[in-house]
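Data first, discussion second: the structure below is written as structure tokens.
The values are calculated or read from the model by the stated rules, or taken from the named source; none is laboratory data. The structure displayed is predicted, hence computed values, not measured ones. As a convention, Cβ positions derive from the backbone with ideal geometry for all residues, glycine included, and neighbour counts pool all protein chains shown.
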Ligand SMILES: *Cc1c(COP(=O)(O)O)cnc(C)c1O
């Protein structure tokens, strides 16, 4: 790693591609002869407009987003989307949710403020260590949508097959897997992702929404900012957007396109995750926390036989130059987040370290 940087296994904010950071650094003082940094620019200026437009166009290319979907850049991170989804999509007042862990639980709690929530499947019985069968869900006729958290960042599960929504709109929180693999946008009504996990800086979510789901008959209590229509009608420039995040994400979109797109990224992610899972599967000290078929390629939670040893591994990993391997406080253990920007060498170095630790402690 250059610049004395560390292999950072944080779940988010997380690593960004080094070439992108270098480009941003080079443009910091004077962005392309504009005489200013992007942070200092009017969001109504021509130069920023171009940054925004290119970011959207590149994302559309990257994901193959059809023309009848809007791409929105909205502040408030992921958490605001828990409320926006319910406020905007609960026309009949009923949302169906699949409960798979910490982030779907938060979405459920928030949605309950605005309407009725039906939990149509759950993996709570086994500590959210798997994705429940979603092939024949009991979805009421008047349900407005079916909501999933497609990659549970804390619990380390992911869907390899989307639920059968029986014709209802599918809504997906893709925060911790956004742009990690190809995505068939047409299967969804709405996709959203907080960008600080797998793309850029914190403080923004990308929302991809099918146009017919954008309503102008929202209840009066819905704040102007919280209506998708506000953002769709104004190209995400109704008010001052998170210009910096849009700029940085735009760079990452270009970087991914130049690197072969999402299929190429997916291949690299499969390879990287395999290295870590292969190690865990043969280890006598470390155990993966998730059912094999549902393992996330992005967030890998694992444990030793005791809390004390978990803590000892975290301390030793820090001393060895790795960072943020402690599991989330709600589940404990260890967790390695290996998003797009984590190089394969980082995962190899981690496995080498864990393997050495195991030898020294058995
Ligand atoms: C981090 C995360 C969120 C919340 O994002 P914030 O920007 O911190 O509000 C929501 N969903 C998932 C899957 C996440 O990983």
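Given the criteria under 18 Å from the mean Cα position of the chain (by Cα), within 16 Å of the ligand (Cβ to nearest atom) and closer than 23 Å to residue 120 by Cα, does residue 180 qualify?
no
Test of understanding: among 14, 111, which residue is within 27 Å of residue 223 (Cα to Cα) and either in contact with a strand residue (DSSP E or B) (Cβ under 8 Å, 6 or more places away or on another chain) or crowded, with 18+ Cβ neighbours inside 10 Å (or both)?
111
Right, residue 184: surrounded by fewer than 24 Cβ atoms within 10 Å (Cβ to Cβ) and over 29 Å from residue 298 (Cβ atoms) or not?
no
Of the residues 107, 83, 111, only one is more than 20 Å from residue 254 (Cα to Cα), touching a residue at least 24 places away in the same chain (Cβ under 8 Å) and more than 18 Å from the chain's Cα centre (by Cα); which?
Testing whether each residue is more than 20 Å from residue 254 (Cα to Cα), touching a residue at least 24 places away in the same chain (Cβ under 8 Å) and more than 18 Å from the chain's Cα centre (by Cα) leaves just 111.
Please verify whether residue 61 is away from the ligand (no atom under 16 Å from the Cβ), assigned to a strand (DSSP E or B) and either surrounded by 15 or more Cβ atoms within 10 Å (Cβ to Cβ) or modelled with pLDDT of 95 or more (or both), treating the condition exactly as stated.
For residue 61, the condition - away from the ligand (no atom under 16 Å from the Cβ), assigned to a strand (DSSP E or B) and either surrounded by 15 or more Cβ atoms within 10 Å (Cβ to Cβ) or modelled with pLDDT of 95 or more (or both) - is not met.
Tell me the helices (runs of 4 or more DSSP H) entirely within region 240-319 that contain at least 1 residues that are at positive phi.
Answer list for region 240-319: 261-282.
Here is a check on your reading of the model: is residue 225 farther than 29 Å from residue 328 by Cβ and within 16 Å of the ligand (Cβ to nearest atom)?
So residue 225 passes the test.
Quickly run through region 1-36 and pick out the residues that are in a loop (DSSP other than H, G, I, E, B) and in contact with a helix residue (DSSP H, G or I) (Cβ under 6 Å, 6 or more places away or on another chain).
Matches in region 1-36: 17, 34.
Return only the number of the condition from (1) in contact with a helix residue (DSSP H, G or I) (Cβ under 9 Å, 6 or more places away or on another chain); (2) modelled with pLDDT under 95 that residue 289 does not satisfy.
(1)
Could you tell me whether residue 218 is crowded, with 17+ Cβ neighbours inside 10 Å and on the phi > 0 side of the Ramachandran plot?
no
Examine region 48-56 for a residue that is buried (at least 19 other Cβ atoms within 10 Å of the Cβ), farther than 20 Å from residue 262 by Cβ and within 23 Å of the chain's Cα centre (by Cα), and state whether such a residue exists.
yes
Where residues in region 199-216 are more than 16 Å from the ligand (Cβ to nearest atom), in a loop (DSSP other than H, G, I, E, B) and modelled with pLDDT of 95 or more, which of them is farthest from residue 93 (Cα to Cα)?
Per the criteria, the residue is 214.
Of all residues in region 136-162, count the ones that are more than 15 Å from residue 99 (Cβ to Cβ) and surrounded by fewer than 19 Cβ atoms within 10 Å (Cβ to Cβ).
Residues that pass the stated criteria total 7.
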